[in-house]
Amino acid sequence: MDYDFKKIEKKWQDRWAEEKTYKVKEDSSKPKFYVLDMFPYPSGAGLHVGHPLGYIASDIYARYKRLKGYEVLHPMGYDAFGLPAEQYAIQTGQHPEKTTSENVARYRRQLDRIGFSYDWDRSFRTCDPDYYKWTQWAFIKMFKSWYDPQLDKARPITELIEKFETVGYDDITPEIWAAADEKQRSDILMRYRIAYLGETSVNWCEGLGTVLANDEVKDGLSVRGGFPVEQRKMKQWQLRVSAYAGRLLDSLDKLDWTDSLKEMQRNWIGKSEGTEMVFDTVCGDTHKPITIFTTRADTVFGVTFMVLAPESDLVDELTTPEQREAVQEYVKESKKKTERERISETKTVSGVFTGSYGINPLTGEKIPIWVSQYVLAGYGTGAIMAVPAHDSRDYAFAKKFGLPIIPLIEGADVSEQSFDAKEGRMINSGFLNGMEVKEAIEAAKDYVEAHGLGHRKTNYRLRDAVFSRQRYWGEPFPIYYKDGIPVPLPESELPLELPAISSFKSVAGEAPLERAENWTYKGYPLETSTMPGFAGSSAYYLRYMDPHNSEELVSADANRYWRNVDLYVGGTEHATGHLIYSRFWNKFLFDMGYVCEDEPFRKLVNQGMIQGRSNFVYRIVGTNRFVSLGLKDKYETTEIHVDVNIVHNDRLDLDAFRAWRPEYKDAEFELEDGEYICGWAIEKMSKSMYNVVNPDDICDRYGADTLRLYEMFLGPVEQSKPWDTKGIDGVNRFLKKFWRLFYDRDRWLVTDAKASPAELKSLHKLIGKEQEDIENFSYNTTISAFMIAVGELSDLGCSSREVLEPLVVLLSPFAPHMAEELWHALGHEDSVVYASFPEYVAAYTVEDSVTYPVSFNGKTRFTVDLPRKATPAEVEAAVRALPQTAKYTEGLNVVKVIVVPGRMVNMVVK
RNA sequence: GCCCGGAUGGCGGAAUUGGUAGACGCGCUGGACUCAAAAUCCAGUAUCCCUUAAAGAUGUGCGGGUUCGAUUCCCGCUCUGGGCACCA
């Protein structure tokens with residue numbers, strides 16, 4: 001029987017589905033392991049060969065852990081709400097539900113072909129009402145909670161109300177609370193709720209007709225669609241992610257994530273420890289203290305002016321009548337600009353004087369207050385003290401407008417540029433003179449606090465997440481408005497299902513749900529925004545633990561068993577989006593006692609991207625004649641992308657090329673050695689480059705097992721690399737070779753013969769290697785080890801079941817179909833999934849000798865075989881006891897013997 | 001500008017973290033089998049000198065250093081991938 005992968009793979013995929021081989025349940029007699037992939041957004045283009053990379057890696061891990069005796073939760077689902085389906089609906093009028101279902105079905109077919117061990121009974125889509133019920137539920141919980149900074153955790157809002165009623169909290173005294181009407185109370189509480197409705201400067205994207213979160217905007221353009229984004233003040237639902245900034249930062253240390261990813265999150269959270277300081281100001285005859293934030297309290301003596309953000313509320317109050325016109329003009333201009341324009345203008349300095357002055361709290365000096373775009377309203381207090389000598393932005397501003405620059409650090413030359421480094425000795429700084437900068441910062445902070453000028457303050461760049469989208473294809477908010485006051489729906493009313501609407505076309509500024517009929521609750525209007533894409537993906541990993549529970553997001557029992565994700569595999573592109581929101585969401589649920597772990601993803605592996613490898617043909621200009629790569633320099637040619645699917649190992653399939661497109665029907669070729677060689681380049685995998693490789697095609701040609709093996713053999717999982725089909729024959733050959741250990745054509749080769757020591761050694765080396773490598777995600781080297789072992793066993797003519805049976809088990813995580821087929825051929829009734837790895841590991845007895853090269857001063861002179869367990873002293877003694885060689889006896893004096901256990905002996909001689 | 005990674009044959013990549021650099025695969029060359037092809041198998045394949053072999057020398061981006069010994073550690077560069085970017 002030949003290795004007929006088509007038959008074998010179909011057969012086992014059907015059997016696995018039918019027998020629910022990969023179904024898992026909470027089994028407290030076994031340790032749990034939770035392996036999760038970032039679930040895909042089911043796009044219309046289907047899967048390309050890059051998508052399964054991470055899925056294959058995690059599937060191997062999941063299968064391996066199963067063999068090791070773990071109960072493994074390995075689910076898959078779809079992140080199905082989102083913009084592309086809706087954009088498509090706008091263009092075609094098709095309901096997003098329909099296209100989503102079609103895309104999901106297509107994804108499922110493609111995934112099934114690759115032989116993943118998912119428990120499909122746990123699968124769901126984020127757009128299923130049974131699922132988004134729990135997204136809405138969590139939102140209501142957030143609405144009904146506040147963040148208690150004392151306890152440093154979220155608490156029910158009722159506790160805050162109780163504080164207001166009894167002792168007061170912040171600036172709300174019991175009297176104020178008692179006097180407040182329903183609307184006022186709602187407004188007060190909005191300032192504290194975790195999910196709240198608030199006016200804020202948001203990223204408004206006209207092209208998409210919706211607001212976006214910070215991570216959905218890049219370089220002033222929307223990540224989806226690339227439309228320009230501008231800043232607008234709007235009332236939007238938000239999540240108080242910023243309250244969790246400190247905890248999100250601190251618990252990064254506990255996570256087994258890559259350093260680069262943690263670093264990205266640290267930057268995004270952007271902790272900075274500084275001081276909030278009050279400056280008195282003079283505007284005409286009125287005084288108004290304003291608060292600024294600085295990390296350089298040591299530089300107050302060098303403050304020569306102050307700057308307000310154009311959006312700051314203080315601008316109006318501090319503008320003198322003479323300056324009013326100029327200031328208003330400037331503010332208007334900057335508001336009109338899109339985010340992108342503002343970014344592109346970062347190098348051009350602009351600003352306008354308000355006419356009023358601040359008082360330097362340490363020197364008493366009067367300093368002008370300006371307005372400029374380089375100060376951001378959303379960070380700190382929206383106002384700064386400017387120290388041109390030691391801040392490059394302040395410096396540029398001072399130079400442009402001729403403001404004084406006072407150096408504060410000894411030896412700092414500020415004639416050309418500012419001196420930003422935090423080092424050196426202070427001068428011109430009163431009581432700070434003579435101190436080192438780091439010392440001075442602390443001393444200044446102490447001084448400021450002691451004299452009541454301000455206090456220490458930690459700021460974060462992480463902003464609250466804007467949570468509403470003026471779009472259709474998302475979760476509706478479970479909120480209605482009673483006389484303008486937002487009220488959550490009773491939980492019994494969940495899920496609040498997305499209503500039908502007549503047209504998907506977006507109308508400027510109008511949310512599609514405004515067009516829904518009867519979008520009301522008990523006669524009150526319902527919220528017409530929907531939730532953003534990250535809402536549904538923030539807690540999905542919890543739902544897999546208990547996907548059919550209609551009473552709870554996840555039952556306490558299921559949650560206690562599965563706890564959190566042990567291994568999460570996905571791309572880095574979610575570093576500052578999904579992975580922050582999920583952690584936030586999980587921490588909130590943890591605070592409220594709904595989940596038992598503070599962090600959702602213990603270990604995270606980022607798989608690299610698979611790039612495309614494009615192929616080119618070269619057409620002689622003005623003809624339909626194509627020249628092979630090596631000959632193209634003889635002519636003037638145009639480089640044309642050619643579909644990589646009609647090119648094999650850079651050789652063009654001429655007939656397929658002629659058939660590819662009508663205009664090439666009569667193409668002529670100039671060949672090299674009878675072949676047409678194509679040029680190539682590494683580019684992003686995309687349709688327009690004709691370099692998209694569909695996994696289905698690889699499965700047709702080589703089989704899923706080869707695809708799995710090859711994707712892993714390409715290189716380390718974490719690394720980005722181009723898809724290049726050149727090497728695929730190698731792993732395919734390996735599988736055939738593996739098969740031939742069992743079958744010679746129709747003859748079954750396996751016998752009950754006793755394994756030879758050499759055969760066992762091969763097997764045991766592999767067992768050792770596989771265990772070590774899989775734990776380190778080093779699958780390419782495991783496969784190498786496999787190739788070596790199979791080569792050795794094949795050379796030895798190994799037929800012993802004692803060796804071949806464990807070999808099948810070892811193969812099963814990588815090539816599950818072939819392993820399953822052989823496992824059954826070996827007479828097993830059950831799936832190879834139920835085989836037990838530890839059994840074979842127990843027999844792991846590599847007990848061999850080590851060949852030590854013995855060298856003098858680094859040059860190898862002879863070797864000696866010794867048992868692996870020999871101690872360095874024993875090795876040295878054995879080497880010294882050897883019959884002396886000519887070189888050894890030539891009066892050489894051995895000064896030192898260096899023994900590297902298991903490796904080598906080096907003698908230092910004189 | 002700031003913060004992380006990388007750099008090893010013709011190519012993808014190994015090297016047990018300081019111990020025989022180049023595992024394994026691809027590609028290439030030669031051979032076996034075959035009427036032939038495919039498939040399969042065997043041998044060779046870092047560079048230089050050389051008809052070949054032996055022997056030698058060089059060799060992990062570049063320049064230094066530590067060490068008996070450096071792809072690995074330290075210092076200074078070059079190139080390159082990624083992230084952040086008026087965050088006070």
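Listed by first and then second residue, the pairs with beta-carbon distance under 6 Å, at least 6 apart or on different chains, first residue in the range A:137-160 and among the charged types (D, E, K, R), second assigned to a strand (DSSP E or B) and open to solvent by 40 Å² or more (accessible area, probe 1.4 Å), are A:148/A:155.
All conditions but one from (1) open to solvent by less than 40 Å² (accessible area, probe 1.4 Å); (2) under 23 Å from residue A:461 (Cα atoms); (3) more than 10 Å from RNA strand B (Cβ to nearest atom); (4) not in a loop (DSSP other than H, G, I, E, B) apply to residue A:330; the one that does not is (2). Between A:98, A:30, A:11, A:6, the distinction of being in contact (Cβ under 8 Å) with a residue 60 or more places away in the chain and surrounded by fewer than 15 Cβ atoms within 10 Å (Cβ to Cβ) belongs to A:6 only.
The set of residues from the range A:65-79 being surrounded by 20 or more Cβ atoms within 10 Å (Cβ to Cβ) and either modelled with pLDDT of 95 or more or of a type in the set (Asp, Glu) (or both) comprises A:72, A:73, A:74, A:75, A:76, A:77, A:78.
Is one or more of the residues making up the range A:679-687 in a helix (DSSP H, G or I), free of Cβ contacts under 8 Å to residues at least 40 places away in the same chain, out of contact with any strand residue (DSSP E or B) (no Cβ under 6 Å at 6 or more places or on another chain) and under 21 Å from residue A:650 (Cα atoms)? No, that holds for no residue. Could you look through the range A:708-717, keep only residues that are more than 9 Å from RNA strand B (Cβ to nearest atom) and either of a type in the set (A, V, I, L, M) or open to solvent by 10 Å² or more (accessible area, probe 1.4 Å) (or both), and pick out the one that is nearest to residue A:790 (Cα to Cα)? Going through the qualifying residues, I end up with A:709.
Looking only at the range A:750-763, decide whether some residue is within 15 Å of RNA strand B (Cβ to nearest atom), surrounded by fewer than 17 Cβ atoms within 10 Å (Cβ to Cβ) and either under 30 Å from residue A:619 (Cα atoms) or not charged (D, E, K, R) (or both).
Of the range A:750-763, the ones within 15 Å of RNA strand B (Cβ to nearest atom) are A:762.
Now narrow it down to the ones that are surrounded by fewer than 17 Cβ atoms within 10 Å (Cβ to Cβ): none.
Looking through the range A:750-763, none of the residues is within 15 Å of RNA strand B (Cβ to nearest atom), surrounded by fewer than 17 Cβ atoms within 10 Å (Cβ to Cβ) and either under 30 Å from residue A:619 (Cα atoms) or not charged (D, E, K, R) (or both).
In the range A:379-408, what residues are in a loop (DSSP other than H, G, I, E, B), within 14 Å of RNA strand B (Cβ to nearest atom) and open to solvent by less than 50 Å² (accessible area, probe 1.4 Å)? Steps first, please.
Taking the range A:379-408 first, the residues in a loop (DSSP other than H, G, I, E, B) are A:379-382, A:387, A:391, A:402-408.
Next cut, within 14 Å of RNA strand B (Cβ to nearest atom) only: A:379-382, A:387, A:391, A:408.
If the condition is that a residue be in a loop (DSSP other than H, G, I, E, B), within 14 Å of RNA strand B (Cβ to nearest atom) and open to solvent by less than 50 Å² (accessible area, probe 1.4 Å), then A:380, A:381, A:382, A:387, A:391, A:408 are the ones that fit.
For the range A:462-497, a residue qualifies if it is touching a Leu at 6+ places or on another chain (Cβ under 7 Å), modelled with pLDDT of 95 or more, assigned to a loop (DSSP other than H, G, I, E, B) and open to solvent by 10 Å² or more (accessible area, probe 1.4 Å), and exactly one does: A:496.
Table: residues versus (1) open to solvent by less than 30 Å² (accessible area, probe 1.4 Å); (2) of a type in the set (Gly, Ala, Ser); (3) within 16 Å of RNA strand B (Cβ to nearest atom).
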position	(1), (2), (3)
A:240	no, no, no
A:246	yes, yes, yes
A:258	no, no, yes
A:270	yes, yes, yes
A:290	yes, no, yes
A:294	yes, no, yes
A:308	yes, no, yes
A:326	no, yes, no
A:350	no, yes, yes
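Listed by position, the helices (runs of 4 or more DSSP H) inside the range A:121-197 whose residues that are within 20 Å of residue A:482 (Cα to Cα) and among the aromatic types (Phe, Trp, Tyr) number at least 2 are A:129-143.
Please list, ordered by residue number, the strands (runs of 3 or more DSSP E) wholly in the range A:581-656 having 2 or more residues that are surrounded by fewer than 22 Cβ atoms within 10 Å (Cβ to Cβ).
On the way: elements: A:601-606, A:610-620, A:625-627, A:637-642.
Of the strands (runs of 3 or more DSSP E) lying wholly inside the range A:581-656, those with at least 2 residues that are surrounded by fewer than 22 Cβ atoms within 10 Å (Cβ to Cβ) span A:601-606, A:610-620, A:637-642.
When the residues of the range A:722-749 are filtered to those that are under 34 Å from the mean Cα position of the chain (by Cα) and surrounded by fewer than 13 Cβ atoms within 10 Å (Cβ to Cβ), the one that is nearest to residue A:791 (Cα to Cα) is A:727. Within the range A:777-793, the only residue that satisfies the criterion of being open to solvent by 50 Å² or more (accessible area, probe 1.4 Å) and either touching a Leu at 6+ places or on another chain (Cβ under 6 Å) or more than 8 Å from RNA strand B (Cβ to nearest atom) (or both) is A:792.
The values are calculated or read from the model by the stated rules, or taken from the named source; none is laboratory data. None of these values were measured; they are calculated from a predicted model. Neighbour counts run over all protein chains shown; Cβ positions are idealised from the backbone, glycine included. Side chains included, ligands, DNA and RNA excluded: accessible areas come from the protein's heavy atoms. Shrake-Rupley method; radii C 1.70, N 1.55, O 1.52, S 1.80 Å.
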